[in-house]
Each structure stands twice: as structure tokens, then as C-alpha cells.
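Notes for the one structure printed next.
The values are calculated or read from the model by the stated rules, or taken from the named source; none is laboratory data. Please read these numbers as outputs of a predicted model, since none were measured by experiment. Every residue, glycine among them, receives a Cβ derived from its backbone with ideal geometry; neighbour counts consider all protein chains shown. For accessibility, only protein heavy atoms count, side chains too; no ligands or nucleic acids. Shrake-Rupley method; radii C 1.70, N 1.55, O 1.52, S 1.80 Å.
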Amino acid sequence: MLCYAYWFNIVVHALLATLLMLRSPSSAAAAATSYFNSQHTADYSRLGPCNVEDQPLETLLLPEASGCGSYCRLSPRLHLPVSPNSSTSSSNPSSSAVQASSTRCSAAPLPTVVFFSGFQLRSAYYTPYARWLASWGYACVQYDLALFHIVPDEVELGYLPYLLDYLQHHPSIKGRLNLNRIGAAGHSRGGKLAALHLAGTQHCAARVLCGTPHHAAESWHGVHCGRWPARVAVHVT
């Protein structure tokens, strides 16, 4: 239990410190300083000051140019932060100091994180992570593909531009998301996809990897991740 709590705190603080860089490229240092100054007044292991809204989205039909073959249905999910009602107290009492000095719940466009699921795992498995991110002011995007269908890495990497374009022009969320500077996060194979996106996608500004295999260097298509496996790897550009 102590080991779990130790690694959970590492993941939580690494994720918040990294993703704060997405909020304002021109003041990344100030954001990081603000984070480290506030981490003792806010309990980031719990939900943040924002309420969370699950935005219903229609299935995205990928074009043939994406290389999707016979499995071209992508089912996106979106979790959004919303300002709590004045009569509703925050789900995290220790976050009151952060809530009082921040408009993170209603800021637009919202810093956006795409969370990639592990191998053959559905996005619902990671709903607690997505809702936790949204509770701290980040829009979190997930998606599902056809069950039991294995998509090669180089093919699935091409899906992100279509997903971002879909979100950019969706009438119910148009203008609410900052899709020019996104964060990529993922678990296991999803962490690998996040790293590959950081290496090859201009929109991707930060990544957080959880439980991602680093030992099979040949499977990374030239992305060097070091010799030893790591529970968390963080890279900020």
C-alpha cells in the first residue's frame, strides 16, 4: 500500500507539473513556479475544484486516407471542466486556495489532453483519470476503436489529426478547446503512442507516460527512451 501511494503521488505531481506548461506558452516558468508553490495547499491526489461534464459526441468515421481499412469507426469521449455552482462546494476541500485565485474551470480555450488507452483496453477503464484531469481544469479527450481489432502504431498515429479536426469544428464545443498545443498521456501502449506523437506531431507540447514498456527499442521506430524501464517519463518542449 505504501509503495502504491508513493508511485501515485509521483504520477500525480509529474502530471500536474507537466500539463501546467500547456496553459500559457509565454509564461511556462511562472506556471511551474505557481504549481510548486501551491502543491502544499492543494491535494492533487483528490479531485480538483471543477465539476466535470461528460460531453456526448457522435462517432467519427475516418476517411480511407487514414489507412483505417475496414475498421474506420472512432468513438470519441470528452470530459470538460465546468465551474461549480455557488451552492456546491468543491469535492476537494484543500483546493479552496487554488479555486479562489483561478478561473481554470471556465477558461477558454481550455488546455487539452488526449489520453491513449492501453493495449485492447477501453477508454472507460481510464475514466477516473480523465475526470481527475477535468476536475483540475483540463479538457480530456479519449477514444475507442473496434474491439479486438489491432491497429498498427504507424496507422493509429495518423488518426489524431482527424480527431483534432473533428473537435475543432464540432458545433457544441467549437472554440472551447485549445487544440494547437495539446498534451498527450497514456498507459502502456497508450504511453507509447503519446511518446510517438510528441516526437512527430507539432501540436503536441507535453507527454506523461504511465507503465510504458521501454525495453523493446526496436518497437519504438527510432524513439530512444533509455535503457531501463520507468514507471513515469515526462518530457516538456
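Remarks
- Cα convex hull of region 136-190, projected area averaged across orientations, nm²: 5.0
- The stretch between LEU121 and GLN55, if pulled fully straight at 0.36 nm per residue, gains 21.7 nm over its current Cα-Cα span.
- Between the amide H of ILE182 and those of CYS204, ALA205, distances stay under 5 Å, these residues lying 5 or more places away or on another chain, with hydrogens modeled in the peptide plane.
- Protection proxy ranking, highest mean first, for peptides 56-66, 162-172, 129-139: 129-139, 162-172, 56-66, where packing is the per-residue count of other beta-carbon atoms within 10 Å, averaged.
- Surface listing: LEU121, LEU74 arranged by accessible area from highest to lowest gives LEU121, LEU74, probe 1.4 Å.
- Amide H within-cut-off set for VAL52, under 5 Å, with H built and near neighbours excluded: VAL82
- With both labels modelled 7 Å from their Cα along Cα-to-Cβ, the ALA146 to VAL82 distance reads 3.5 nm.
- Accessible area per residue was computed with a 1.4 Å probe on protein heavy atoms; ASP43 scores about 50 Å².
- Each distinct pair of alpha carbons in region 159-200 adds a 1/r term; the inverse of their mean, the Kirkwood radius, is 11.3 Å.
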